[in-house]
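Notes follow once the structure below has been shown.
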Amino acid sequence: MYQILKKRRLSSNVVLLVIDAPYVAKKAEPGQFIILRVDAEGERIPLTISEYDREKGTITIVVQEVGATTIKLGQMEEGDCLHDFVGPLGIASELEGYKRAAVVGGGLGCAIAYPQAKKLHELGCKVDLIAGFKNTDAIILEDEMRAASTNLYVMTDDGSNGNKGFVTTKLQELLEAGEKYDVVIAIGPMIMMKFVSETTRPFGVKTIVSMNTIMVDGTGMCGGCRLTVGGETKFACVDGPDFDGHQVDFDEAMRRAAIYKPQEQAARDHQCNLMKMEVK
Amino acid sequence: MANMSPVKNPIPEQDPNVRNKNFLEVSLGYDEATAVNEAERCLNCKHRPCVGGCPVNVQIPDFISLIKEGKFLEANAKIKETSSLPAVCGRVCPQESQCESKCVRGIKGEPVAIGRLERFAADYAMAHPTGDPVEVPESNGHKVAVVGAGPAGLTCAGDLAAKGYDVTVFEVLHTAGGVLMYGIPEFRLPKAIVQKEIDTLKAKGVKFVLNFVVGRTETIDDLFAEGYEAIFVGSGAGLPNFMRVPGEGYNGVYSANEYLTRVNLMKAYKEDSDTPIYHAKKVAVFGGGNVAMDAARCAKRMGAEDVYIVYRRSEAELPARAEEVHHAKEEGIIFKLLAAPIEVLGDEDFHVKGVRIQNMELGEPDESGRRRPVPIEGSTDVLDVDAVIVAIGTSPNPLIRTTTPGLDTNRKGCIVADEDGATSKPGVFAGGDTVTGAATVILAMGAGKKAAAAMDEYIQNKK
């Protein structure tokens with residue numbers, strides 16, 4: 001069993017959980033992910049590792065409460081245990097050897113983007129971190145992001161923090177102003193990663209995206225995470241999750257990611273009804 | 001006096017039109033009287049050809065003689081001397097091409113129903129627990145690791161534990177059992193039976209570490225550093241192959257591994273399961289092996305009206321067991337033979353709406369000796385389906401290969417191992433699908449068994 005040692009609410013529907021998982025923490029690197037199950041009957045969900053502490057044997061994950069399982073996770077408290085927690089899975093991000101990088105995070109993706117920025121920063125790379133959120137209320141981890149970057153740009157879709165625009169608006173602006181990045185790393189919703197890749201393409205800047213596809217086992221068995229990269233079938237769980245953003249077929253990946261939307265909605269409604277009953 | 005009936009005692013089964021709507025076991029098993037009657041068909045021949053046909057050398061005439069005498073528990077114990085999973089083998093072994101193919105009674109009539117008798121003995125023993133504590137062998141002080149809790153790993157672990165080794169099995173999934181749990185469906189192999197076999201191993205002292213990915217959580221070399229003296233790798237078949245035809249990226253195209261895992265391991269067949277799955281009305285399954293049959297029969301049970309097996313050769317070449325093909329047909333699976341899928345068609349929402357197939361005919365024999373299917377020029381059809389399940393085999397998982405220096409793999413990426421399971425890396429043994437590519441449960445068990453003996457010899461010689 002894997003105990004929740006710490007829980008911190010980052011926004012109305014985002015929680016940060018520190019999990020006791022020494023085996024996973026021993027080898028975890030930025031860019032890798034874990035798969036967890038909340039209880040013995042639960043589904044397996046993949047989540048990218050936000051932070052790890054080898055000495056304490058802990059893994060930090062950040063969860064947005066959007067589906068039946070993540071809602072259950074959000075309701076768990078410190079001291080509760082997860083039934084299963086396996087990892088680290090996937091290939092670690094390559095972060096060495098860069099002098100100038102832009103890290104782009106979208107919403108929850110910022111929880112994974114900022115540790116990457118931090119690691120780059122520690123390796124002596126100058127990092128521009130561009131973080132995008134729906135509105136001011138959705139902003140998470142702003143202090144951590146500031147500490148992990150040379151320049152931090154926080155954008156909101158509605159402009160409620162005074163910086164209206166998408167992450168691509170800011171990225172375009174920086175590229176046009178002549179910033180020469182060795183690499184752009186984009187982590188967030190697929191649609192955001194697609195447009196970041198489209199933004200950098202004309203500038204010929206290497207662009208790495210972290211593909212959060214649907215998975216079942218996450219270890220190279222089921223093939224549910226497959227995507228097309230440069231015309232070839234790849235598996236996010238063992239070939240990724242990082243891929244060259246200019247080669248990924250995002251349209252296909254986004255369609256595949258949406259296949260269970262109707263069922264997820266039904267499961268969520270069921271869950272919400274259960275919660276209402278508990279309140280009564 | 002032997003029972004000279006030329007045919008096997010039939011095994012009672014659920015009615016096809018009832019069972020194709022439920023996940024209960026298809027085959028119901030012999031009762032005691034039928035088992036004794038069938039056992040009496042065995043001539044107890046001196047040269048015992050059946051034993052040679054068994055990859056794990058079950059002493060077949062001996063256990064059958066015990067059934068004849070009504071000593072059912074003793075019969076099970078006899079099987080267990082060489083096979084760690086009798087209730088599993090009795091159900092999923094291809095007996096018709098192994099033990100039963102060598103049976104003398106098969107020359108004039110049907111062979112003795114060895115598989116059904118094995119299943120009977122194992123089920124009888126499970127239903128009549130003696131209450132005696134499981135004998136835990138005396139420790140020999142040596143620590144060994146097994147990677148993967150599938151049929152190869154479980155067999156290897158069982159044999160090593162019996163010799164007194166301290167055995168730890170590392171499994172990536174949250175459940176031990178491998179393909180017996182995630183792949184083979186409940187209606188062919190009830191999961192409670194697999195769990196009982198695993199519990200028996202635990203009682204014998206085998207330790208199971210779940211949620212542990214060898215190659216990621218730790219490497220093979222890490223395990224050696226922790227004091228494991230020899231390591232068996234039975235990590236299974238790996239990543240699913242796809243057809244590489246246009247349209248495989250449409251929603252509604254599953255690999256058989258994913259479809260079966262969702263249904264079996266993740267229990268999507270239960271109404272209250274959290275696991276989402278697409279409930280298709282019409283399904284095309286590509287491939288003609290046992291996995292294809294399992295996928296087709298699951299799809300039918302999940303509510304599909306029409307389920308097609310699409311296979312490019314003819315019925316005679318179907319790689320699936322005859323019994324599986326027979327069961328599938330009884331349940332209403334439609335066989336589109338001499339048909340090669342050439343394109344998956346999608347609708348405006350990018351969901352599968354059909355499959356274009358190229359009709360084939362059999363030409364000259366190829367290297368495998370089977371007649372080669374050749375396209376009939378200009379003859380194509382469209383199957384109207386809303387889901388596709390691709391069951392055309394797997395390619396090896398890269399996790400161990402890429403993280404274990406000194407471990408040789410072949411061109412395809414399978415681990416290279418000799419007859420006894422020894423690999424190019426001292427102390428590392430391998431067997432099952434990770435060596436052979438996708439094959440059967442019993443061949444994996446045979447490999448696990450041979451490797452256990454070789455590991456014992458390796459450790460004893462090292463002293």
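The values are calculated or read from the model by the stated rules, or taken from the named source; none is laboratory data. The model shown is predicted, which means the values in this text are computed figures rather than measured ones. Note that we place each Cβ from the backbone using ideal geometry, even for glycine, and neighbour counts take in every protein chain shown.
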The residue that is nearest to the other protein chains (Cβ to nearest Cβ), considering only those in the stretch B:244-257 that are under 18 Å from the mean Cα position of the chain (by Cα) and small (Gly, Ala, Ser), is B:SER255
Near pairs, Cβ below 9 angstrom, 6+ apart or cross-chain, from the stretch B:1-23 (over 11 Å from B:LYS300 (Cα atoms) and in contact (Cβ under 8 Å) with a residue 40 or more places away in the chain) to any residue that is β-branched (Val, Ile, Thr) and not in a loop (DSSP other than H, G, I, E, B): B:ASN9/B:THR34; B:ILE11/B:THR34
Qualifying residues in the stretch B:350-399 (those that are modelled with pLDDT under 90 and part of a loop (DSSP other than H, G, I, E, B)) - the one nearest to the other protein chains (Cβ to nearest Cβ): B:ASN397
Which fully enclosed strands (runs of 3 or more DSSP E) of the stretch A:76-136 have 2 or more residues being more than 14 Å from every other protein chain (Cβ to nearest Cβ) and in contact (Cβ under 8 Å) with a residue 60 or more places away in the chain? A:100-106
Going through B:GLY427, B:GLY446, B:GLY437 one at a time, which residue ends up being at positive phi and at pLDDT below 95? B:GLY437
Of the residues in the stretch B:123-158, how many are closer than 25 Å to B:ALA33 by Cα and touching a residue at least 60 places away in the same chain (Cβ under 8 Å)? 3
Based on this model, can you work out whether A:ALA92 counts as within 23 Å of A:MET145 (Cα to Cα), aliphatic (A, V, I, L, M), surrounded by fewer than 20 Cβ atoms within 10 Å (Cβ to Cβ) and out of contact with any Ser or Thr (no Cβ under 6 Å at 6 or more places or on another chain)? yes
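What about B:VAL435, is it in contact with a Leu (Cβ under 8 Å, 6 or more places away or on another chain), crowded, with 21+ Cβ neighbours inside 10 Å and among the β-branched types (Val, Ile, Thr)? Let's see the steps before the verdict.
Values: in contact with a Leu (Cβ under 8 Å, 6 or more places away or on another chain): no; crowded, with 21+ Cβ neighbours inside 10 Å: yes; among the β-branched types (Val, Ile, Thr): yes.
Criteria not met by B:VAL435.
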Search the stretch B:179-199 for residues that are within 14 Å of chain A (Cβ to nearest Cβ) and pair each with any residue that is surrounded by fewer than 22 Cβ atoms within 10 Å (Cβ to Cβ) and part of a loop (DSSP other than H, G, I, E, B) when their beta-carbon atoms are under 6 Å apart and the residues are at least 6 apart or on different chains. B:MET181/B:THR175
Restricting to the stretch B:258-269, and then to whatever is more than 9 Å from chain A (Cβ to nearest Cβ) and at pLDDT below 85, can you tell me which residue is surrounded by the fewest Cβ atoms within 10 Å (Cβ to Cβ)? B:TYR269
Could you tell me which residue of the stretch A:53-71 is nearest to the other protein chains (Cβ to nearest Cβ), considering only residues that are touching an Asp or Glu at 6+ places or on another chain (Cβ under 8 Å) and not aliphatic (A, V, I, L, M)? A:THR69
In the stretch B:21-76, which residue that is part of a loop (DSSP other than H, G, I, E, B) and in contact with a strand residue (DSSP E or B) (Cβ under 7 Å, 6 or more places away or on another chain) is farthest from B:ARG116 (Cα to Cα)? B:VAL26
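Which of the following residues is over 21 Å from the mean Cα position of the chain (by Cα), buried (at least 22 other Cβ atoms within 10 Å of the Cβ) and within 14 Å of chain A (Cβ to nearest Cβ): B:ALA280, B:ALA295? Full working, then the answer.
Values: B:ALA295 fails: over 21 Å from the mean Cα position of the chain (by Cα).
Exactly one residue qualifies, and that residue is B:ALA280.
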Any idea which of B:VAL112, B:VAL213 is among the β-branched types (Val, Ile, Thr) and farther than 21 Å from B:ILE442 by Cα? B:VAL213
The one condition A:ALA25 fails out of (1) of a type in the set (Gly, Ala, Ser); (2) closer than 25 Å to A:THR219 by Cα; (3) surrounded by fewer than 21 Cβ atoms within 10 Å (Cβ to Cβ) is (3)
Taking B:VAL310 as the residue in question, decide whether it is more than 26 Å from B:SER27 (Cα to Cα), touching a residue at least 24 places away in the same chain (Cβ under 8 Å) and crowded, with 20+ Cβ neighbours inside 10 Å. no
Scanning the stretch B:402-441 for residues that are charged (D, E, K, R) and touching a residue at least 60 places away in the same chain (Cβ under 8 Å), the one farthest from B:ALA295 (Cα to Cα) turns out to be B:LYS425
Is one or more of the residues making up the stretch B:264-285 outside any helix (DSSP H, G or I) and under 27 Å from B:ARG371 (Cβ atoms)? yes
Which of (1) buried (at least 24 other Cβ atoms within 10 Å of the Cβ); (2) without any contact (Cβ under 8 Å) to a residue 60 or more places away in the chain; (3) assigned to a loop (DSSP other than H, G, I, E, B) does B:SER235 not meet, given it meets every other one? (2)
For the stretch A:46-60, give me each residue that is assigned to a strand (DSSP E or B) and under 13 Å from the mean Cα position of the chain (by Cα). A:PRO46, A:LEU47, A:THR48, A:GLU51, A:THR60
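Would you be able to say whether some residue in the stretch B:325-337 is small (Gly, Ala, Ser), under 26 Å from A:ALA236 (Cβ atoms) and buried (at least 22 other Cβ atoms within 10 Å of the Cβ)? Even if it seems obvious, please write down each step before you answer.
Just the residues of the stretch B:325-337 that are small (Gly, Ala, Ser), to begin with: B:328, B:332.
Checking which are under 26 Å from A:ALA236 (Cβ atoms) leaves us with none.
No.
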